[in-house]
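As structure tokens, the structure follows; a few thoughts come after it.
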Amino acid sequence: MALNRAANNKHSSNSESFILQFYRQFINFEYVKFLIFDPASSAIITIFILLVELVLNVFVVEQVPYTEIDWKAYMQECEGFLNGTTNYALLKGDTGPLVYPAGFLYIYSALYYVTGRGQNIRLAQYIFGLIYLLQMWLVLRLYSKSRKVPPYVLVISAFTSYRIHSIYVLRLFNDPMAILFLYVSLNLFVDRYWFWGSICFSLGVSIKMNILLFAPALFLFYIINLGWLKTIQQLFVCAAVQLTLGAPFILTYPIEYLKGSFNLGRVFDHKWTVNYRFLPKETFESKYFHLALLAVHLILLYVFAKPTMTYFQNYVRLRELETQFQPQLDKQNERIKQSRSKKNKKSRSNKQQLESKEELTRDQEAFIKTFEKSLQRTSGLKEHEKIDTEERLAQQNLAIHFDQCTQLALLPFFISNFIGIVCARSLHYQFYVWYFHSLPYLAWSTPYSLGTRCLLLGLIEFCWNTYPSTNFSSVILHLCHVVLLLGLIYNVRKTLYQSNIQQRQKAEKANESSNANQLNGSFFFEKAKLKSN
């Protein structure tokens, strides 16, 4: 009886200890502040966002009426293909001829069968709801890696965009399908799965051509990371995907397929434009206006070319340093883990830390400090307070969040796409998904204040939710784009300028050191010469 009572008391004591420890660690103001403001908590916030989005999308599907726009036309185009037609000129729907590459046909043909020849629209909505959740996870995974944007911004932008939820689960456009494959490819690229990343990127292009807006940045990313030979190999992979998917059409009616699916000269209808409503229809449809936009597009790509290469080069260097440091950190953590299992946990863990520090050179230790501080500055965060060595070892393993250098890879991709959006001949409402998920990242990559960043995001959301678009909404949208673009130009140029100054300072120090060595050498040579005389 006494033994049972003692065991119960011990169990009760352990439970109370666990509850007290949980309360102290998580139920406090500091932890709440960490969840709201610190990008390091993005992985935790991701779970919260996805759970709420699951409920929100089910509510939208069940309570908000579905609006037919393109789904029926998609099904009609797929029906023609499934009946054996491979001539793109003959594949049409209620909204006009088919204008998307072959990947679109295969995916929507699958949806045609799954949804009972397109009749079960409610099922299609739930499928697009799952696509939305999967894409949100992929997007938030990149944000979690980069630790660039505060979590509260991600929460607000995710839950407040009616237009984005509408595009996915109320309109069933093909744009979300293309963007899904794009974010799959970006995740694969930052994880260095080049072959599969190239396949997914090309699959995105095969659904809708807007994915090519990322192509300039991707081409430079290939070259900086892989070199010319492997870049050519990856381009062959992308081309092979396009040829394989388009084979039934290329082998039968190649001209019709190329003209229909990759028509770069297509003129959009003025009544659907979101960004150029303020222009007269004659100007909007003018080929000179289109050529002017193309010229601006190429100039902006040129302006960002050098900063893009610098970002990618630094990204590659940090990834190489990761391969050098990580084995040492793993070795340290293994020693700490072993020391924790021993009786003298505290004293032994201190000793292990001191011993492991000796394995890192001064240059390596300096790099760790510089790396963490510089990326904290880019995130707009204050440096965390120093934790006592013993407490740190007791709480967690030694680690450097090298994935934070993902910032250097993502920004050029998002800028390349954003330039295409700014210079687009026409933006329709479903095109909002092309750059919506990158807007918080772009805004937090500018030098503007918190209020200005939030205002820009709010105004852009307002413009896309104004239906039909007006002269006022289209002008405001352009102004927001220009302000955001100028902020990006300023920041990347400033970063490039600071990088050049640091390189010059290093070169000057190296020259000074070399000159000093030469002077010392000549001095000793003269001294030796005098002695010999």
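The values are calculated or read from the model by the stated rules, or taken from the named source; none is laboratory data. Please read all numbers here as calculations on a predicted model, not as lab measurements. Positions of Cβ are backbone-derived with ideal geometry, glycine not excepted, and every protein chain shown enters the neighbour counts. Heavy atoms of the whole protein, side chains included, go into the accessibility calculation; ligands, DNA and RNA do not. Shrake-Rupley method; radii C 1.70, N 1.55, O 1.52, S 1.80 Å.
Could you please let me know if residue 124 is open to solvent by less than 10 Å² (accessible area, probe 1.4 Å), in a helix (DSSP H, G or I) and in contact with a strand residue (DSSP E or B) (Cβ under 7 Å, 6 or more places away or on another chain)?
So residue 124 fails the test.
Report, by residue number, each residue of segment 282-314 that is free of Cβ contacts under 8 Å to residues at least 12 places away in the same chain and open to solvent by 50 Å² or more (accessible area, probe 1.4 Å).
Matches in segment 282-314: 282, 283, 287, 288, 291, 292, 298, 299, 302.
Does residue 362 satisfy the condition of being more than 30 Å from residue 426 (Cβ to Cβ), surrounded by 12 or more Cβ atoms within 10 Å (Cβ to Cβ), of a type outside the set (Ser, Thr, Tyr) and at pLDDT below 90?
In short, no.
Restricting to segment 295-326, what's the tally of residues that are at pLDDT 95 or above and more than 15 Å from residue 416 (Cβ to Cβ)?
Residues that pass the stated criteria total 1.
Considering only segment 410-444, state which residues are more than 13 Å from the chain's Cα centre (by Cα) and within 17 Å of residue 306 (Cα to Cα).
419
Does segment 158-181 contain any residue that is under 30 Å from residue 237 (Cβ atoms), surrounded by 22 or more Cβ atoms within 10 Å (Cβ to Cβ) and free of Cβ contacts under 8 Å to residues at least 40 places away in the same chain?
Scanning segment 158-181, I find at least one residue that is under 30 Å from residue 237 (Cβ atoms), surrounded by 22 or more Cβ atoms within 10 Å (Cβ to Cβ) and free of Cβ contacts under 8 Å to residues at least 40 places away in the same chain, so the answer is yes.
Just a yes or no: is a residue in segment 461-481 in a loop (DSSP other than H, G, I, E, B), β-branched (Val, Ile, Thr) and within 18 Å of the chain's Cα centre (by Cα)?
Scanning segment 461-481 turns up no residue that is in a loop (DSSP other than H, G, I, E, B), β-branched (Val, Ile, Thr) and within 18 Å of the chain's Cα centre (by Cα).
Which of the residues belonging to segment 42-66 are surrounded by 12 or more Cβ atoms within 10 Å (Cβ to Cβ), of a type outside the set (Phe, Trp, Tyr) and closer than 20 Å to residue 149 by Cα?
Hits for segment 42-66 are 42, 43, 44, 45, 46, 49, 50, 52, 53.
Of all residues in segment 435-456, how many are assigned to a helix (DSSP H, G or I), of a type in the set (Ser, Thr, Tyr) and open to solvent by 10 Å² or more (accessible area, probe 1.4 Å)? I'd like the intermediate steps shown before the answer.
In the first step, residues of segment 435-456 are kept if they are assigned to a helix (DSSP H, G or I); the result is 436-443, 450-456.
Keeping just the survivors that are of a type in the set (Ser, Thr, Tyr) gives 438, 441, 452.
The next check asks that each one be open to solvent by 10 Å² or more (accessible area, probe 1.4 Å); those that pass are 452.
Total meeting the criteria: 1.
Looking at 142, 188, which is the one that is open to solvent by less than 20 Å² (accessible area, probe 1.4 Å), more than 22 Å from residue 465 (Cα to Cα) and assigned to a helix (DSSP H, G or I)?
Answer to the check: 142.
Is at least one residue of segment 408-424 open to solvent by less than 20 Å² (accessible area, probe 1.4 Å) and over 28 Å from residue 291 (Cα atoms)?
Within segment 408-424, one or more residues are open to solvent by less than 20 Å² (accessible area, probe 1.4 Å) and over 28 Å from residue 291 (Cα atoms).
Here is a check on your reading of the model: is residue 69 modelled with pLDDT of 90 or more, of a type in the set (Val, Ile, Thr), out of contact with any Leu (no Cβ under 6 Å at 6 or more places or on another chain) and open to solvent by 90 Å² or more (accessible area, probe 1.4 Å)?
no
Among the candidates 93, 84, 103, 80, which residue alone is surrounded by fewer than 17 Cβ atoms within 10 Å (Cβ to Cβ) and farther than 20 Å from residue 169 by Cα?
Result of the check over 93, 84, 103, 80: 84.
Let me confirm something: among 234, 242, which residue is open to solvent by 30 Å² or more (accessible area, probe 1.4 Å), under 26 Å from residue 438 (Cβ atoms) and outside any loop (DSSP other than H, G, I, E, B)?
Details: 234 fails: open to solvent by 30 Å² or more (accessible area, probe 1.4 Å).
Result of the check over 234, 242: 242.
Do we find that residue 432 is open to solvent by 10 Å² or more (accessible area, probe 1.4 Å), out of contact with any Gly (no Cβ under 9 Å at 6 or more places or on another chain) and of a type outside the set (D, E, K, R) in this structure?
Values: open to solvent by 10 Å² or more (accessible area, probe 1.4 Å): no; out of contact with any Gly (no Cβ under 9 Å at 6 or more places or on another chain): yes; of a type outside the set (D, E, K, R): yes.
Answer is no for this residue.
Which condition does residue 206 not pass, out of (1) among the small types (Gly, Ala, Ser); (2) open to solvent by less than 10 Å² (accessible area, probe 1.4 Å); (3) under 18 Å from the mean Cα position of the chain (by Cα), if it passes all the others?
(3)
Collect the residues in segment 252-300 that are over 25 Å from residue 101 (Cα atoms) and of a type in the set (A, V, I, L, M, F, W, C), keeping them in residue-number order.
Those that are over 25 Å from residue 101 (Cα atoms) and of a type in the set (A, V, I, L, M, F, W, C): 278, 279, 284, 289, 292, 295, 296, 299, 300.
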